[in-house]
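Report on the structure given below.
Read-outs: derived from the displayed coordinates by stated rules, not from any lab. Note that the structure is a prediction, hence the values are computed from the model and not measured. Cβ sites come from the backbone with ideal geometry, for glycine too, and all protein chains shown count toward neighbours.
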Amino acid sequence: MVQVEFSVGNEGRQVYWNAESFGILFYPLAALAMAIFAYGLYRRWQLWVALGKPELRFDKIPQRIKLLLTNGLLQVKTFRDLYPGIIHGLIFFGFLVLSIGTALIAKETYITGPLLGWFFLRGGAYLVFSFLMDLFGVLLLVGILLAIDRRYIRKPDRLGYKGVPENTPDDAIVLLLLFVIVVTGFIGEALRIYVTHPSWEVWSFAGWALAKAFAGVDPETARALHRANWWIHALLSLGFIAYIPYSRLLHIVTTPANHFLASLKPAGAIEPIRDFETAESFGVGKLEEFTKKQIFDSDACTRCGRCQDGCPAYLSGKPLSPKKVIQDLKTYWLAQAPAAIAARKAAAAAGPDGAGTPAKPNLLVNSLSKVDALVDQVVKGARCAGEPPAEKALVGEVIDLHELWACTNCLYCMEHCPASIEHVPKIVQMRQYKVLTEADFAPELQLTYRNMENNSNPWGIGAHLRGDWAKELGVKTLAEDPAVEYLFFVGCSGSFDDRGKKVSTAFAKILKAAGVSFGILGTEEGCCGDSAMRGGNEYLYQTLAQANIETMKGYNVRKIICTCPHGYNALKKDYPHFGGEFEVYHHTEIIADLIAKGKITLKKSAAGAFTYHDSCFLGRYNEIYDEPRRILKAIPGMKLTEMERTLAKSFCCGAGGARMWMEEDIGERINNLRTDQAAATGAGTVAVGCPFCLTMLSDGIKDRKQEETMTALDIAEIVWRAMDLEEEKPAVDVCALPSSGAADSAAPSEGNAG
């Protein structure tokens, strides 16, 4: 029985045990590895700054440090997807702790020990240190094995594209390199323990257990094996360090940096075009028209596929994969950047006057240039300096137009990206180029935009009819009574679409019953412009937005309620770009507050089972998840069941990003897939909080021929029914009607309706 020494004493170990004479070779090799690492980062830095417009993101440093710590160090975003998050966590934290442990040993060996005589890794501290190093080494091994199983045996679709795995030699090299480094580390520890056999090394439980495998081996043979293993471990470790900037391991640097540089703007915010009067082109049609940060995004991508895993376009058979878009941009950037670097160097060599006067010779610059040329020829994937870039159009060739227009702007990709990559703004900016610079976009959108221009609504219905839905309800316009607390911004669907008008009516009745002071703009209201903006027509969007802002400011509007999340999001987060600073609420927020304050009473029990569909622009864009559910749960007899994809992982209805107005002719219809998910819950009613979602799910129910068992209702309609304030109209006895032309003409209509 081994007696473990728990008391603090001289427990420890000699760092270079059995390898004291190796330092003469090891130190120069370590210096070389660090030099190669530093040079790799230098080369990559050249690529990062070669193309793109400047974009400084060094504001709000405390908030950025928090993002770096939570998502970079603690891996919070990574753990949102539990199983792959655990795998990555085992590898990340195992690697991190072993790296810190190695640094502590180096610090004590070369700095605090010889210079100050301070030795911390002794006694109890060493025992804890040994235990943790072994523990995290084992966890790292487990993570590597799980990663190998997942990538090469299970092969989930997210790690490929359309069922085809996208494994590269680099993926295998990284995993095998890490595996062999850890294994040789444990073997070295086991051989040392076997030869020296200090009792306290039982704390190094993995090495202690492995040492038993060498039972019977001659001590001198064990020493020889240890020396050979020491060099294998050392050289692989140094090679690993040198390899980082030239491999996917670079994400050790780029991903934390991307978390620090993440956008602090509201989720899904699109930066407006501000130079319509002077710009020669709009949006992004060339790589260099992206910002440097947007290009850097592509180097932070680890190809994990989480964005693709929930992308409604990809899952419904469209060519779009957010991962593929970012990787295609990366490939294009790596092909274009060397030429830009060469051009900059040529300009520098020509001298400040640009007339061919050579600049003063610089030994360092000249040496690095020669090394650049050599590395360009030997590093895989690099192009020879000066080689002309491939002539490919960014929009249309690098990024296929079917990919570009398939995006619903649902924000799933950005919400779940563990590297804080910003996919949606890039897509919208490339759409802007096609719409505003090349006037090349779908015919359906041409009609939609023309309708918005002429009548300020996508349907093209006469703008003078916008307030007709409210005439019989006694709802006043702000022109009639501007002294109201809230403006009810009805939106186009709530004003013109027959289904949407029912939602507006139900919500207006709720407000009136609760005694809320509100009014509408009526014919003075215009389209919010969201579909125009996200469909690439930024000019039209700004025209609509500025008209609405001017009207609302004219009435001194302070608070606004929207039933449409698209209008809600635009008014709340995009209108402030043009001076539209308002308090904006979604109708579910208002209804939930009225219920909580007892201003409305829900009396009538809900019939059947319900499920709730999270709108993308309400949920992921604005984090309104709880209010709709609180409302539904407040209804007597409510049986609420959740769909498989819900909350932040909710599946899009397919209408966002201007897709509401476009044909869906590739793959499965997105709304039908969401309808299937709703039907799988067994619910008879799908509750929604968005008119686009209401339309799409109602259409899906029809397409799936579920009209007899399912229906889609807005939460306002459900609440109004539960309030049970509607007077029931007496049944009409058709047989008792007098015979008249009017009655005769009405009878066939009633019969057809039945």
Around Glu524, under 15 Å between beta carbons, what's the net of Lys plus Arg minus Asp minus Glu among the other residues?
-2
With label points set 7 Å from each Cα along the Cα-to-Cβ direction at Ile65 and Asp400, the distance between them in nm comes to 4.7 nm
For the chain, take the longest principal axis of its alpha carbons; what is the angle in degrees between that and the long axis of helix 423-432, to the nearest 10 within 0 to 90?
60 degrees
Placing +1 on each Lys and Arg Cβ and -1 on each Asp and Glu Cβ in the range 443-723, then taking the dipole about the Cα centre, the residue among Trp661, Gly529, Met710 whose Cα reaches farthest towards the positive end is Met710
Relative to the present Cα-Cα distance, how much length would full extension add between Lys53 and Ile148 at 0.36 nm per residue of separation?
30.3 nm
For the range 604-621, what does the Karplus curve 6.51 cos²θ - 1.76 cosθ + 1.60, with θ = phi - 60°, yield as ³J(HN,Hα) per residue in whole Hz, taken in order and with x for Gly and Pro?
7, 5, 7, 9, x, 8, 10, 9, 10, 9, 7, 5, 4, 6, 8, x, 4, 6
About its Cα centre, the chain carries a charge dipole, from +1 on Lys and Arg Cβ atoms and -1 on Asp and Glu Cβ atoms, whose size in debye to the nearest 20 is 2000 debye
According to a simple spin-label model (label point 7 Å from Cα along Cα-to-Cβ), what is the distance in nm between Arg499 and Leu82?
3.5 nm
For the range 179-187, Karplus-derived ³J(HN,Hα) couplings (6.51, -1.76, 1.60; θ = phi - 60°; whole Hz; x for glycine and proline) come out as 4, 5, 4, 5, 4, 5, x, 5, 5
Centroid-to-centroid separation of the range 304-327 and the range 667-705 [C-alpha atoms, Å]
21 Å
Collect residues whose amide H, placed 1.01 Å from N in the peptide plane, falls under 5 Å from the amide H of Thr477; neighbours closer than 5 in sequence don't count.
Ile520
Go through (1) 0.97; (2) 1.43; (3) 1.07 and flag the label whose value is the computed Rg/Rh (Cα atoms, Kirkwood Rh) for this structure.
(3)
Between 0 and 90 degrees, rounded to the nearest ten: what's the tilt of helix 498-513 against the longest Cα principal axis of the chain?
80 degrees
What's the local net charge at Ala479, with K and R +1, D and E -1, over the other residues with C-beta under 12 Å away?
-3
What is the distance, in nm, between label points placed 7 Å from the Cα along the Cα-to-Cβ direction at Ala596 and at Trp45?
5.0 nm
Give me the percent relative contact order of the chain, please, defined on Cα pairs under 8 angstrom at least 6 residues apart.
11 percent
Taking amide hydrogens as modeled 1.01 Å from N in the peptide plane, which residues meet the under 5 Å criterion relative to Ala712, leaving out close sequence neighbours?
Val686
Counting only DSSP beta bridges fully inside the chain, the antiparallel percentage to nearest 5 is 10 percent
The range 443-723 - Kirkwood radius from inverse mean 1/r over Cα pairs (Å)
19.0 Å
Full-extension gain between Glu485 and Leu447, please, as 0.36 nm times their residue separation minus the C-alpha to C-alpha distance.
10.0 nm
Applying the Karplus parametrisation 6.51 cos²θ - 1.76 cosθ + 1.60 with θ = phi - 60° to the phi angles of the range 288-301, what ³J(HN,Hα) value in whole Hz is obtained for each residue in order, glycine and proline being reported as x?
5, 7, 6, 7, 4, 5, 5, 5, 4, 3, 5, 7, 8, 5
Nearest-0.05 FRET efficiency for Glu642 and Ala209, computed from C-beta distance (R0 56 Å):
0.75
As a test of the formula, what do you get for the chain when each DSSP H run with n ≥ 4 contributes -39,500 (n - 2.57) and the sum is divided by the residue count, at 222 nm and rounded to the nearest 500 deg cm²/dmol?
-15500 deg cm²/dmol
Give a quick list of trypsin sites (Lys or Arg not before Pro) in the range 496-601 that DSSP marks as loop, anything other than H, G, I, E or B, with at most 16 other Cβ atoms within 10 Å.
Arg558, Lys597, Lys599
So if each residue of separation counts as 0.36 nm, and I subtract the Cα-Cα distance between Ala106 and Ala607, what length gain in nm does that give?
173.4 nm
Amide H proximity to Thr291 below 5 Å, modelled H, separation 5+ or other chain, gives Lys53
Angle in degrees between helix 587-596 and the longest Cα principal axis of the chain, rounded to the nearest 10
80 degrees
How big is Rg to Rh over the range 75-249, alpha-carbon atoms, Rh as the Kirkwood inverse-mean-distance radius?
1.02
Within a Cβ distance under 12 Å of Pro272, other residues only, what is the Lys/Arg minus Asp/Glu net charge?
-1
Exposed-loop cut sites defined as GluC sites (Glu not before Pro) in DSSP loop states with at most 12 other Cβ within 10 angstrom; longest site-free run of the chain spans 1-276
Roughly how many Å is it from the Cα centre of the range 576-616 to that of the range 468-516, as a whole number?
15 Å
What are the trypsin sites (Lys or Arg not before Pro) within the range 9-75 that DSSP puts in a loop, where the Cβ has at most 11 other Cβ atoms within 10 Å?
Lys60
